[in-house]
Amino acid sequence: MAKNLGVVWGIIGVVILLGSAVCRLTPLAISAFSTNFSWFHWLALAGCILFMAYSEGYKGFQLQFSPRVIARALYLRDHPRVVHIVFAPLFCMGYFHATRRRKTISYSLTAGIIALVMAVRHISQPWRGIIDAGVVIGLIWGIVSLLWIAMAVVNGHRLECSPEVPDKSAQPTR
């Protein structure tokens, strides 16, 4: 029971975290449309959405983050520890009990995201909304890819992704 609880809590916790960002950013993205868009605003919006869908959604989430979250959730299922289960979302995102490289990447990305969020707050509309619209699309792609990969694994798909834990014997999980 605890094994499955860690998996479910880890994945759902990450989805809640990403979903809360979508909920906070969507009204800001929508409010951009209260301003008059010129042709270059529309071009910037399309470019931002396409760029963020590809770079954040596909390359960042679908190919890297989501498979790693699922691999770490499966590792947690096979190697349950109380503290890992309690903090399963953070465990699944690689903030602890991870290789030095994974922790460095996780913390560096978080710091970079925080810095970008703080910078974007100072941009006026419609530009802020244009950027936020791209981020929302990328985050939604991330949520969908995370749930899609989780369902694929539940249905027997083999996941070829390392959980990047300090244990050298940890192989890609199913």
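The values are calculated or read from the model by the stated rules, or taken from the named source; none is laboratory data. Remember, predicted model here, so these are calculated numbers, not experimental data. All Cβ positions, even for glycine, are placed from backbone atoms using ideal geometry, and neighbour counts span all protein chains on display.
Numbers below:
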read-out: Residue list for the stretch 131-162, restricted to those being under 20 Å from the mean Cα position of the chain (by Cα) and in a loop (DSSP other than H, G, I, E, B); value: Leu159, Glu160, Cys161, Ser162
read-out: Checking Ser20 against (1) surrounded by 17 or more Cβ atoms within 10 Å (Cβ to Cβ); (2) within 17 Å of Ser145 (Cα to Cα), the condition it does not meet; value: (1)
read-out: Answer from Arg121, Arg128 - the residue that is closer than 30 Å to Thr35 by Cβ and in contact with a helix residue (DSSP H, G or I) (Cβ under 7 Å, 6 or more places away or on another chain); value: Arg128
read-out: Looking only at the stretch 82-98, and only at residues there that are surrounded by fewer than 18 Cβ atoms within 10 Å (Cβ to Cβ) and closer than 15 Å to Met1 by Cβ, the one that is modelled with the lowest pLDDT; value: Val82
read-out: Restricting the stretch 149-161 to residues that are without any contact (Cβ under 8 Å) to a residue 60 or more places away in the chain and of a type in the set (A, V, I, L, M, F, W, C), the residue that is surrounded by the most Cβ atoms within 10 Å (Cβ to Cβ); value: Ala152
read-out: Residues being charged (D, E, K, R) and not in a helix (DSSP H, G or I) - total across the stretch 69-87; value: 1
read-out: Residue check for Ser66: more than 18 Å from Ala150 (Cβ to Cβ), part of a helix (DSSP H, G or I) and either touching a Pro at 6+ places or on another chain (Cβ under 6 Å) or hydroxyl-bearing (Ser, Thr, Tyr) (or both); value: no
read-out: Selected residue (criterion: surrounded by the fewest Cβ atoms within 10 Å (Cβ to Cβ)) from residues of the stretch 104-125 that are in a loop (DSSP other than H, G, I, E, B) and of a type outside the set (Ser, Thr, Tyr); value: His122
read-out: Only listed residue being charged (D, E, K, R), touching a residue at least 12 places away in the same chain (Cβ under 8 Å), loosely packed, with under 12 Cβ neighbours inside 10 Å and assigned to a helix (DSSP H, G or I), chosen from Arg101, Arg128; value: Arg101
read-out: Test set (1) surrounded by fewer than 13 Cβ atoms within 10 Å (Cβ to Cβ); (2) among the hydrophobic types (A, V, I, L, M, F, W, C); (3) closer than 30 Å to His122 by Cβ - Leu28 fails condition number; value: (1)
read-out: Selection count, the stretch 46-77, where residues are β-branched (Val, Ile, Thr) and surrounded by fewer than 22 Cβ atoms within 10 Å (Cβ to Cβ); value: 1
read-out: Among (1) modelled with pLDDT of 95 or more; (2) over 20 Å from Leu17 (Cα atoms); (3) not aliphatic (A, V, I, L, M) - the single one Gly142 does not satisfy; value: (2)
read-out: Hits in the stretch 32-45 - residues which are out of contact with any helix residue (DSSP H, G or I) (no Cβ under 6 Å at 6 or more places or on another chain), in a helix (DSSP H, G or I) and either crowded, with 18+ Cβ neighbours inside 10 Å or touching a residue at least 24 places away in the same chain (Cβ under 8 Å) (or both); value: Phe33, Ser34, His41
